[in-house]
Amino acid sequence: MALTLYTAGMKNTSATVVWFKRDLRMHDHAPLSAAASRGPVIPLFIVEPAILGAADADAMHYRFLRECLIALREALAARGQPLIVRVGEATAVLAALHAQTGFDAVYAHEETGNALTFARDRAVADWARHARVAFDEWTQTGVVRRLASRNGWSKVWHARMSAPQIATVNSLVANGAIEPGDIPTADALGLHDLHPAVAARDIAQRGGEHVGLETLHSFLEVRGHHYHREISAPQSAAVSGSRISAYLAYGAVSLRYAVQCAQRSDLPKRAKRAFVSRLHWHCHFMQKLESQPSIEWQCFNPLYETLRDDGNDQQRLDAWCNGRTGYPFVDACIRSLQTTGWLNFRMRAMLVSFAAYDLWLDWRSFRDFLARQFLDYEPGIHISQLQMQSGVTGINTPRIYNPVKQGLEHDPTGSFTRLWVPEVRQVPHLFVHEPWKMSAIERVACNVDETGYPSPVVEHLTAIRKARQRIAEVRNSAAHREHAGDVFERHGSRRAQGERGSDAADRARRKSGRDAARFDAPKGAKRQLSLFD
């Protein structure tokens, strides 16, 4: 469905710019299809230095994006018109291109991004209005613009995901007068200079529509049959997880295509239900940022704004960021993430839990750091998850993970931990997740002291006891119930039509604001898991 932001007084031409953003594909692409049926097409991607250089951006993101652009340019060229790439601020690029070609319309997909991209989109809409150029946007996910109420949102999601896909364009009317332009490298843009400490990464996933589709189908046809059983441990999840989150984030794979392929697949019933529920979560969390952009900086529940003002110890934050907390499984996860750009969701949740409760760090202090580590960084999901896992929504029960217990359950032999924390490589299974329990003689025998591996930065049980007490003080306050009810009214998901429950139950839950997390999940989903798996 297209939203026309400006239509009056068009020039008498039919050239259309298709502005690619986070929709780098040919299949199921409504703006491209509509533009191709209208006349000459100018497919455009704008490399925006201000966005690429922001605090939440990393050269790794651009390398993946660039691979998507190369693949998209080849696919478009095969249909008669290669992708046009320009570097600069969006309105300036469009103005220059408009002066050159006289296009009369810009077609694009809606995007739910951070404040920078939101301001950019508004600036483009203003430019189009003054230039008398039509600016039409189409939806591509279940996120709803200007949503008045969460009531009925799930029904909208299911309707969009079950709608027919847009046929892939077979040919394009070219505009040969436009030079395609180079697709600059990360080095050429100076992106590696922004975060040199993590410039060298071993990212196994390559960008591009074809690779994304292959990844999806290898999951649905081969790798995903034990999905529901093997996505909690980091090593098994790397194989049995879908691994399509980065392709969804950059739009190399259509969400609707993924949902429909999964529903038609031969995945076991439990695996299929778990996977589709996570695709539902994808939009559920993005909708929160769409509906309330201020959550990029502010807690969902204002009562938690100053909760951790007396914490935020820089040494603790540095230890966590550098994988030197003294908890080997935590350190293995953060080091693995920094190198590969990926980690399964259970371990992501554990990392945030450790930072928020054990180290008592405010989610905003590590928001951008984590964003730079995730290849699949999606602002709406990222911000919503950080707040939920940090216990500041007011409608989710605080979820505190024991890092030792997680290691024993999900890395019982210590193979993952030893791979990423070589300082404990010689430590036996019995102590690999708790090396501080070894005797002095055992530590010498295992070279733990010689490697310089630190003692635990905090004592887990003591730290979480204090954290629970502080959280309880807020949750037990007189104003908490009212604020929690407001948060649920705006952001809590409702049961889809046909599922158990009733409008009366939802109303009662909203009124009380208590235990709203029980309603904040689609049917069949386990709350501790999510789309990142």
At 0.36 nm per residue, minus the direct Cα-Cα distance, what do S162 and K437 gain on full extension? Give it in nm, one decimal, please.
-> 93.5 nm
The pairs in K269/K466; K21/K288; K272/K437; K155/K405; K155/K269 lying past 31 Å Cα-Cα in this model are K269/K466; K272/K437; K155/K405
By its C-alpha gyration tensor, with a ≥ b ≥ c as the square roots of the eigenvalues, how is the stretch 58-130 shaped: rounded for a/c under 1.5, else prolate for a/b larger than b/c, else oblate?
-> oblate
Might you report the magnitude of the Cβ-based charge dipole of the stretch 248-323 about its Cα centre, with Lys and Arg at +1 and Asp and Glu at -1, to the nearest 20 debye?
-> 900
Over the Cα atoms of the stretch 188-277, what is the Rg over Rh ratio if Rh follows Kirkwood?
-> 1.07
Which of T397, L386, V444, positive extreme of dipole for the stretch 360-460 (C-beta unit charges) = T397
Could you state how much accessible area H228 has, in square angstrom rounded to the nearest 10, with a 1.4 Å probe and all protein chains kept in place?
-> 40
Label-point separation (nm) for S477 and H130, each offset 7 Å from Cα along Cα-to-Cβ?
-> 4.4
The answer for the longest stretch of the chain without any exposed GluC sites (Glu not before Pro) (DSSP loop, at most 14 further Cβ atoms within 10 Å) is 1-304
How much of S236 can a 1.4 Å solvent probe reach, expressed as accessible area in Å² and rounded to 10?
-> 40
Along the principal axes of its C-alpha atoms, what lengths does the stretch 1-134 span, in descending order and rounded to whole Å?
-> 43, 33, 29
Extending each Cα 7 Å along its Cβ direction at V222 and R122, get the distance between those two points in nm, one decimal.
-> 4.8
How large is the dipole of the chain about the Cα centre if only Lys and Arg carry +1 and Asp and Glu carry -1, each at its Cβ, rounded to the nearest 20 debye?
-> 2060
So how long is each side of the stretch 151-231 along the principal axes, counting just the alpha-carbon atoms, biggest first, in Å?
-> 44, 43, 34
What ranking, highest mean first, results for peptides 341-348, 399-406 when packing means the other Cβ atoms within 10 Å averaged over each residue?
-> 341-348, 399-406
Candidates [x] 40.7; [y] 28.3; [z] 25.1; which is the computed mean projected area of the Cα convex hull in nm²?
-> [z]
Protection proxy (average C-beta count within 10 Å per residue), highest first, orders 115-125, 51-61 as 51-61, 115-125
Which of the peptides 321-329, 95-103 is most tightly packed, and how do the rest follow, going by the mean number of other Cβ atoms within 10 Å of each residue?
-> 321-329, 95-103
The stretch 136-233, accessible surface, carbon-and-sulfur percent (1.4 angstrom probe) | 55
Computed over the Cα atoms, what is the radius of gyration of the stretch 105-159 divided by 2.2 N^0.38 Å, N being its residue count?
-> 1.33
R132, R335, R25, reordered so the largest accessible area comes first (probe 1.4 Å) | R132, R335, R25
Taking only protein heavy atoms into account and a 1.4 Å probe, give the accessible area per residue of the stretch 163-261 in Å².
-> 44
Would you kindly find the accessible area of Y257, with a 1.4 Å probe and non-protein molecules such as ligands, DNA and RNA excluded, rounding to the nearest 10 Å²?
-> 40
Based on the alpha-carbon gyration tensor of the stretch 276-388 and its eigenvalue square roots a ≥ b ≥ c, which shape applies: rounded if a/c is under 1.5, prolate if not and a/b is larger than b/c, or oblate?
-> oblate
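The values are calculated or read from the model by the stated rules, or taken from the named source; none is laboratory data. Predicted model only: the values in this text are computed from it and were never measured. In this analysis, Cβ positions are derived from the backbone assuming ideal geometry, glycine residues included, and neighbour counts consider all displayed protein chains. In case anyone asks, the SASA skips ligands and DNA or RNA and just uses the protein heavy atoms, side chains included. Shrake-Rupley method; radii C 1.70, N 1.55, O 1.52, S 1.80 Å.
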